[in-house]
1. Taking Cα atoms of the stretch 1-128, Rg/Rh with Kirkwood Rh, to two decimals?
2. How large is the accessible surface per residue of the chain, computed with a 1.4 Å probe and reported in Å² as a whole number?
3. Go through the stretch 181-245 and name the chymotrypsin sites (Phe, Trp or Tyr not before Pro) that are in a DSSP coil and have 11 or fewer other Cβ atoms within 10 Å of their Cβ.
4. Using a Förster radius of 30 Å, what is the FRET efficiency between ARG88 and THR126 based on their Cβ-Cβ separation? Nearest 0.05, please.
5. Need one number for the stretch 126-191: average projected area of the convex hull over its C-alpha atoms, nm².
6. Could you tell me which label, among [x] 54, 36, 31; [y] 59, 48, 31; [z] 71, 51, 37, carries the value of Cα extents along the principal axes in Å calculated for this structure?
7. Only helical DSSP H runs with n ≥ 4 go in: add -39500 (n - 2.57) per run for the chain, normalise by residue count and round the 222 nm mean residue ellipticity to 500 deg cm²/dmol.
8. If you take the beta carbon distance between GLU133 and ARG219 as r and set R0 to 25 Å, what does 1/(1 + (r/R0)^6) give as a FRET efficiency, to the nearest 0.05?
Amino acid sequence: IVEPSSMRSIIQLAGRVRRHRAGICQTPNIYLLDTNIKSLERPVGTATYCRPGFEQKDNFLLESHRLSDLLDPDQYTIIDAKPRIMERPCLQPRTNLVDLEHDHLRAVMLGDERRRKMPAIYWWETRSHLSGELQRIQPFRYDLHGRVRYILLYDEEYATLTFTRIERDGSETPVKHLLHDLPFERVDGVSFWGETDYVQQLEQLAEERGMALEDCARRFGFLELPERGAENGWDYHPALGLKRR
């Protein structure tokens, strides 16, 4: 069951459904939802096929967010890579999801300055790969709401972990009440992959580097979590990580 975002994601998922399966698919095995949750939650005229997707509010905005309006039957009846590879002679990016992708990529790759201030051609023309400037001004997965740094400090005296928040001025605030153990029962014969004992790994790393346990935790035991909703705390499991409550 696929919530739409972009044609490339639909194609990718269709490939995963059939991966490692022999024979020809005789019956439909994918259900495409007619729209996505964002389109139901946000006002009409808002870009909702984005993150993931190619829609943007200024120059790449769709007139509809219903797949029944945005895709022709030959683009979804049999899902393969052709829509991503073969560009239609006359693009209609405001009314067709596939054409939107091609139009957006064309603007990026060919340097349409009116619609895209950072075309891909800048990468090799300016030899940007020799510096971190583009990464600095366009951070990967930049969080508009900000993030907060926390440290899992190990209290050797009481043999417990202390969840500690790093404030903007660099001071530390214990916030152990924000971290809640997440219960998880495994069935017989199932085990977690990899090492999940944080304290054991911390002790081993501190010994290898000749560091105090507390210093090692401050240097390597930190994590950055979204600022929004942090007041509700986090569910934590050593193997599964953290989830906002």
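The values are calculated or read from the model by the stated rules, or taken from the named source; none is laboratory data. Worth saying up front: this structure is predicted, and the values here are computed from it rather than measured. Heads up, the Cβs are rebuilt from the backbone with ideal geometry, glycines too, and the neighbour counts pull from every protein chain shown. SASA here: full protein model, heavy atoms, side chains in, ligands and nucleic acids out. Shrake-Rupley method; radii C 1.70, N 1.55, O 1.52, S 1.80 Å.
1. Expressed as Rg/Rh, it is 1.01.
2. 71
3. The qualifying sites are PHE184, TRP193.
4. The computed FRET efficiency comes out at 0.40.
5. The number I arrive at for the stretch 126-191 is 9.8 nm².
6. The value computed from this structure is option [z].
7. -7500 deg cm²/dmol, from helical runs alone.
8. After rounding, the FRET efficiency stands at 0.40.
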